[in-house]
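Working notes, structure below.
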Amino acid sequence: MKKLAAGNWKMNGSLAALTQVDALIAAEPAPECEMLLCPPATLIAPMTARAKGSRLWVGAQDCHAKAAGAHTGDLSAAMLVDAGASHVILGHSERRADHGESSELVRQKAEAALAAGLIAIVCIGETEAERDAGETLAVIGGQLDASVPAAATAANLVVAYEPVWAIGTGRTPTLAQIAEVHRFLRDRLGQNIGAEAAGVRLLYGGSVKPSNAAEIFALPDVDGALVGGASLKADDFAAIVAALSAA
Ligand code: 13P
């Protein structure tokens, strides 16, 4: 299994920001792992052109569940492939919160992504209230069961555990908490997709930065990271990628 360092630019970035891609590629930080950036959809094609010939993959942040049709403002998985995307983030907590996306819808989107040949990065995570109530494993187990397509394999599925309260806050779970959740996810995924679960990359996301990356990547069943804010700066993301490569 190749580990994966993925960056989620969210609603940030412009053509001018693609100089960060040049700097990241020049830093060559990832001999032992895969490196992915998911910019806003407007930048998928130009970032793909910029990354040509490098080991940087380019992905999307969402897709529609349908292949085509009257869905103003939406993008199909095939359109993302056409623009150069190899991966798509699905079910990010910001989309679940801002757009009311259910796990059932996330699974339909993931099925569309797999049908189009994209690798689906399915996101799950508990809120702070759910963690305080001792419901973390029940919540993420339910999200996982309902969001992951039955046809998912180690080759076309990545799961990202992103505690909602750790996103953009500078706070992270303890290492023991991350390890507990990732072990649980590996087992639960096995109940859903069988032996393929052993090879699915399980990413941690939420306030990953150069200073905490190495200790997180040293944990069992942590196969990479989904990085928000720190992926916008080439130096920070390169340092995180280098930490994963060394893990
Ligand atoms: P931050 O790294 O900014 O906390 O964001 C994490 C995230 O939501 C990645 O998808």
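The values are calculated or read from the model by the stated rules, or taken from the named source; none is laboratory data. Here the structure is a predicted model, which is why all the values come from computation and not from measurement. Cβ sites come from the backbone with ideal geometry, for glycine too, and all protein chains shown count toward neighbours. When the accessible area is computed, the model is the full protein with side chains, heavy atoms only, and any ligands, DNA or RNA have been set aside. Shrake-Rupley method; radii C 1.70, N 1.55, O 1.52, S 1.80 Å.
At a glance:
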| quantity | calculated |
| --- | --- |
| For region 77-109 versus region 141-188, the gap between their alpha-carbon centres in whole angstrom | 16 |
| Region 86-102 - phi-based ³J(HN,Hα) in whole Hz, Karplus 6.51/-1.76/1.60, Gly and Pro as x | 10, 10, 9, 7, 9, x, 4, 4, 5, 6, 4, 7, 6, 10, x, 6, 8 |
| Region 93-245 - percent relative contact order, Cα under 8 Å, separation 6 or more | 21 |
| Cα→Cβ-extended label distance, 7 Å offset, between Ala214 and Ala146, nm | 4.1 |
| Region 17-101, dipole about Cα centre (Lys/Arg Cβ +1, Asp/Glu Cβ -1), debye to the nearest 20 | 160 |
| Cα-centre dipole for region 27-178 with unit charges at Cβ (Lys and Arg positive, Asp and Glu negative), debye to 20 | 480 |
| Per residue solvent-accessible surface (Å²) - the chain, probe of 1.4 Å | 41 |
| Inter-part distance where region 43-75 and region 200-247 are each reduced to a Cα centre, Å | 23 |
| Sum of side-chain charges, Pro220 neighbourhood, beta-carbon under 12 Å (Lys, Arg +1; Asp, Glu -1) | -1 |
| Computed helical MRE - 222 nm, the chain, DSSP H runs ≥ 4 contributing -39500 (n - 2.57), nearest 500 | -12000 deg cm²/dmol |
| Positive minus negative residues near Val181 (Lys, Arg vs Asp, Glu; Cβ under 14 Å) | -4 |
| Rough spin-label spacing in nm, given labels placed 7 Å along Cα→Cβ, for Glu32 and Lys233 | 2.5 |
| With eigenvalues of the C-alpha gyration tensor scaled by 5 and rooted, region 99-203, Å | 23, 15, 12 |
| Spin-label model distance (nm) - Asn12 vs Ala198, 7 Å beyond Cα toward Cβ | 3.9 |
| For Val227, distant residues with modelled amide H under 5 Å away | Ala6, Gly7, Asn8 |
| Only Lys, Arg (+1) and Asp, Glu (-1) charged, at Cβ; region 107-247 dipole about Cα centre in debye | 260 |
| Quarter of Cα convex hull surface for region 22-83, i.e. mean projection, nm² | 4.7 |
| Out-of-range pairs (alpha-carbon distance over 27 Å; input Lys109/Lys209; Lys3/Lys209; Lys2/Lys66) | Lys109/Lys209; Lys2/Lys66 |
| Rg and Dmax [Cα atoms of the chain; Å; Rg one decimal, Dmax integer] | 16.6, 48 |
| Accessible area of region 183-247 belonging to carbon and sulfur atoms, whole % at 1.4 Å probe | 51 |
